[in-house]
């Protein structure tokens with residue numbers, strides 16, 4: 001006997017509601033922790049202690065041997081050290097791994113360099129200690145601190161102190177006295193150049209500030225240069241083919257000139273002779289053209305009616321006629337008394 005299933009509307013609504021709420025809660029939990037999922041997530045989360053942040057920010061890259069394998073999630077202060085939380089995907093992190101904050105560009109961009117050392121994988125709940133981490137020396141910050149320190153130093157008093165110290169040690173051995181005298185001269189030189197040093201350090205501070213303000217533009221410039229180089233690399237075969245064909249064309253032209261040198265030389269010499277003759281008779285040719293112009297104008301006026309031409313002869317027949325205007329086709333004979341002409 002077949003067993004019929006209970007219709008959905010007849011089922012217990014409390015059970016259905018509980019299952020639906022459980023499914024919804026599971027989906028919400030997965031949505032908030034999607035990055036921690038093994039397949040679609042952003043990788044495994046690790047933590048490391050650093051003595052200082054050194055300008056590191058969230059979303060800065062994490063690299064292994066120069067290859068980006070993750071990014072920094074957050075930074076926090078804990079037990080007098082900086083706790084950096086970062087995420088790594090598709091990379092082995094050993095139980096003896098080391099981490100260091102390094103400078104990525106001359107403009108001060110930072111990244112976490114991870115050195116995966118160890119025989120077994122690192123437990124994500126284990127934090128990399130300070131003994132296996134390192135922070136960079138920030139040159140820009142050092143120059144800024146130097147300029148601030150120099151502003152607060154009384155260089156005149158410092159030079160006087162070194163001078164008194166050298167006089168005090170006047171009776172000491174020659175090596176010590178020479179060293180102190182050198183320090184005194186050094187301090188005197190620094191004191192005499194106090195204004196120039198302050199101006200130099202102030203200019204250095206301005207330059208570093210401009211570079212920091214233009215960080216995005218420099219980054220875009222470097223990216224555009226990289227794109228241009230990639231395009232040139234992609235077109236390398238075409239550029240090489242153009243250069244090769246150009247070289248072959250020049251070789252062919254050189255061979256053509258060499259093969260026809262005996263024929264070209266007399267032709268060029270004759271052409272040079274003709275141009276010399278034309279140059280010497282340039283004035284005569286100009287006068288000829290000027291004298292020919294009125295004749296051409298009258299001739300074109302006479303023969304400018306197609307198959308007909310017109311002429312005017314004055315006082316040809318005396319008397320009442322006065323003058324005769326003749327006009328005839330080029331294929332018929334002229335009347336008596338008309339001047340001849342034709343095409």
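Do the conditions hold for residue 24, that is, is it at pLDDT below 90, assigned to a loop (DSSP other than H, G, I, E, B) and either out of contact with any strand residue (DSSP E or B) (no Cβ under 8 Å at 6 or more places or on another chain) or farther than 17 Å from residue 109 by Cβ (or both)? It would help to see each step written out before you state the result.
On the way: at pLDDT below 90: yes; assigned to a loop (DSSP other than H, G, I, E, B): no; either out of contact with any strand residue (DSSP E or B) (no Cβ under 8 Å at 6 or more places or on another chain) or farther than 17 Å from residue 109 by Cβ (or both): yes.
Criteria not met by residue 24.
Just for helices (runs of 4 or more DSSP H) wholly inside the range 198-293: which have at least 2 residues that are surrounded by 11 or more Cβ atoms within 10 Å (Cβ to Cβ) and touching a strand residue (DSSP E or B) at 6+ places or on another chain (Cβ under 9 Å)? Don't jump to the end; show me each part of the working.
Values: elements: 215-234, 236-259, 261-280.
No helices (runs of 4 or more DSSP H) qualify here.
Quick one: how many residues across the range 27-50 are modelled with pLDDT of 80 or more and in contact with a helix residue (DSSP H, G or I) (Cβ under 6 Å, 6 or more places away or on another chain)?
Count: 1.
Consider the range 73-83. How many of its residues are closer than 15 Å to residue 124 by Cα and under 34 Å from the mean Cα position of the chain (by Cα)? If you could, list the steps in order and put the result at the bottom.
First, pick out the residues of the range 73-83 that are closer than 15 Å to residue 124 by Cα: 73, 83.
With the extra rule that they be under 34 Å from the mean Cα position of the chain (by Cα), the set shrinks to 73.
Qualifying residue count for the region: 1.
Of the residues 201, 264, only one is touching a helix residue (DSSP H, G or I) at 6+ places or on another chain (Cβ under 7 Å) and at pLDDT below 80; which?
Working: 264 fails: touching a helix residue (DSSP H, G or I) at 6+ places or on another chain (Cβ under 7 Å).
After applying the criteria, what remains is 201.
Among all residue pairs at least 6 apart or on different chains, which show Cβ distances below 8 Å where the first residue, located in the range 116-134, is part of a helix (DSSP H, G or I) and the second is at pLDDT below 90 and exposed (fewer than 14 other Cβ atoms within 10 Å of the Cβ)?
The qualifying pairs are 130/51.
Taking the residues in the range 44-63 that are on the phi < 0 side of the Ramachandran plot and under 27 Å from the mean Cα position of the chain (by Cα) as candidates, determine which candidate is surrounded by the most Cβ atoms within 10 Å (Cβ to Cβ).
Filtering the range 44-63 down to residues on the phi < 0 side of the Ramachandran plot leaves 44-53, 56-58, 60-63.
Imposing the further condition that a residue be under 27 Å from the mean Cα position of the chain (by Cα) reduces the set to 56-57, 60-63.
Numbers: 56: 21, 57: 11, 60: 19, 61: 17, 62: 24, 63: 17.
Among residues in the range 44-63 that are on the phi < 0 side of the Ramachandran plot and under 27 Å from the mean Cα position of the chain (by Cα), the one surrounded by the most Cβ atoms within 10 Å (Cβ to Cβ) is 62.
The values are calculated or read from the model by the stated rules, or taken from the named source; none is laboratory data. Everything quoted here is computed from the prediction, not taken from an experiment. Quick reminder, even Gly has a Cβ in these numbers, built from the backbone with ideal geometry, and neighbours come from all protein chains shown.
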